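Asker: I am attaching a structure below and will ask some questions about it afterwards.
The values are calculated or read from the model by the stated rules, or taken from the named source; none is laboratory data. As the structure is a prediction and not an experimental result, all values here were calculated from the model. With ideal geometry, Cβ positions are generated from the backbone for all residues, glycine too; neighbour counts draw on all protein chains shown.
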Amino acid sequence: MKAGSHAHRQDPRNERVLIHVNGRHVPRAEAVVSVFDSGFLLGDGIWEGIRLHNRQMVFIERHMKRLYQAAKAIDLDIGMTPAEMERAILAVCDANGMDSGVHIRLVVSRGEKITPYQSPAANRGGATVVIIPEWKLPDPDTLERGLSLFTVHVRRGAPDVQDPMWNSLSKLNCISACIQANKAGADEALMLDPHGFVATCNSTHFFVVRGGELWTSTGRYCLKGITRGKIIELAPELDLVAREKDFSLTEVYDADEAFVTGTFAGVTPVTTIDGRTIGAGSRGPVTEALQRCYRAHVDALYPGDGAGGGGAR
């Protein structure tokens, strides 16, 4: 990908990568699931994106907590404990000789059905577990140049429609938001909540910088972002006040800076929104300082000698 929050440079090693499919390590070209799988038929499942840094899984405890919380909410039996899942992720990374600069997509569906039908009563066997590790680093040009956003008509829903806390395979609302933004010439969609306040982006979380404060949404209508939470925790180290609050597009357009957060790229600046230039139209000093602070935090927690916690082998 050459644009967007997941912009990266292709790595030819990924063509030969081994992928975990229900306990087996198979070549990429042979990594398949049944056409009767619940994830394929209905988007019935959950997922996590995880980074491997210095042979350790970054913030793995938080990822596992989010994954298993969502599984319990949708009554999905993963069939593995969090510790077993962590060992499976590390095993497939080991099989590929991976130690750093790796992005992992963990996908769990409800498994295979006897016939295409919504009810879990039509399922047989256990969950489908797929772990896709790839050598993938954020495009450094994007981390400096920044993104353009476009506010779309697609809203983030309330928990009584589909709980936004679920990192579900059913991402069609976010995909349609992304399509609208791309058609408008932007990199990613900015999505509002049911009340018209800023909620999140289609695949990242959104922040503005105003007067030495970081503003992000209340979190009621977005996924419980792990990088988002880390930036809120790290803000005091830079003498910044982080606020989770309602704010409108009017307060976005005249912000000093804007940026998005996500597991893949960490902190990425935003320079234009709906055709309006944000701040000076380039990566701002607060965003750049947060990028450095976040990278230093990860390096300190997961040092190169593998001595850190949180998934160290």
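Asker: If you take the residues of the range 124-164 that are β-branched (V, I, T), touching a residue at least 60 places away in the same chain (Cβ under 8 Å) and farther than 21 Å from V21 by Cβ, which of them is surrounded by the most Cβ atoms within 10 Å (Cβ to Cβ)?
Answerer: T142
Asker: Looking at (1) part of a loop (DSSP other than H, G, I, E, B); (2) surrounded by 16 or more Cβ atoms within 10 Å (Cβ to Cβ), which is the one condition that is false for A280?
Answerer: (2)
Asker: Sort out which residues of the range 47-106 are under 19 Å from S170 (Cα atoms) and part of a loop (DSSP other than H, G, I, E, B), and write them in order of number.
Answerer: Residues satisfying the conditions are I74, D75, L76, D77, I78.
Asker: Does the range 175-188 hold any residues that are farther than 15 Å from T271 by Cβ, in contact (Cβ under 8 Å) with a residue 12 or more places away in the chain and surrounded by fewer than 20 Cβ atoms within 10 Å (Cβ to Cβ), and which are they?
Answerer: Matches in the range 175-188: I175, S176, Q180, A184.
Asker: Within the group A189, A177, which residue is under 23 Å from R145 (Cβ atoms), part of a strand (DSSP E or B) and either of a type outside the set (A, V, I, L, M, F, W, C) or at pLDDT 95 or above (or both)?
Answerer: Just a single option satisfies the conditions, and that option is A189.
Asker: Among the listed residues A121, A29, A73, A88, which satisfies the condition of being closer than 25 Å to G225 by Cα, out of contact with any strand residue (DSSP E or B) (no Cβ under 8 Å at 6 or more places or on another chain) and surrounded by fewer than 21 Cβ atoms within 10 Å (Cβ to Cβ)? Don't jump to the end; show me each part of the working.
Answerer: Details: A121 fails: closer than 25 Å to G225 by Cα; A29 fails: closer than 25 Å to G225 by Cα; A88 fails: out of contact with any strand residue (DSSP E or B) (no Cβ under 8 Å at 6 or more places or on another chain).
Matching residue, one of A121, A29, A73, A88: A73.
Asker: Oh, and also: Can you tell me which residue is nearest to G146 (Cα to Cα) among those in the range 228-266 that are touching a residue at least 60 places away in the same chain (Cβ under 8 Å) and in a loop (DSSP other than H, G, I, E, B)?
Answerer: A265
Asker: Just one of A312, A296 is surrounded by fewer than 18 Cβ atoms within 10 Å (Cβ to Cβ), over 28 Å from N182 (Cβ atoms) and at pLDDT below 95; which is it?
Answerer: Answer to the selection: A312.
Asker: I need a count of the residues in the range 1-33 that are at pLDDT 95 or above and in a loop (DSSP other than H, G, I, E, B).
Answerer: 6
Asker: Scanning the range 10-26 for residues that are more than 18 Å from A88 (Cβ to Cβ) and not acidic (D, E), which turns out surrounded by the most Cβ atoms within 10 Å (Cβ to Cβ)?
Answerer: The residue in question is N14.
Here's the yes/no breakdown for (1) under 22 Å from the mean Cα position of the chain (by Cα); (2) under 20 Å from A189 (Cβ atoms); (3) not hydroxyl-bearing (S, T, Y):
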{"position": "Y221", "(1), (2), (3)": "yes, yes, no"}
{"position": "E233", "(1), (2), (3)": "yes, no, yes"}
{"position": "S248", "(1), (2), (3)": "no, yes, no"}
{"position": "S282", "(1), (2), (3)": "no, no, no"}
{"position": "P285", "(1), (2), (3)": "no, no, yes"}
{"position": "G304", "(1), (2), (3)": "no, no, yes"}
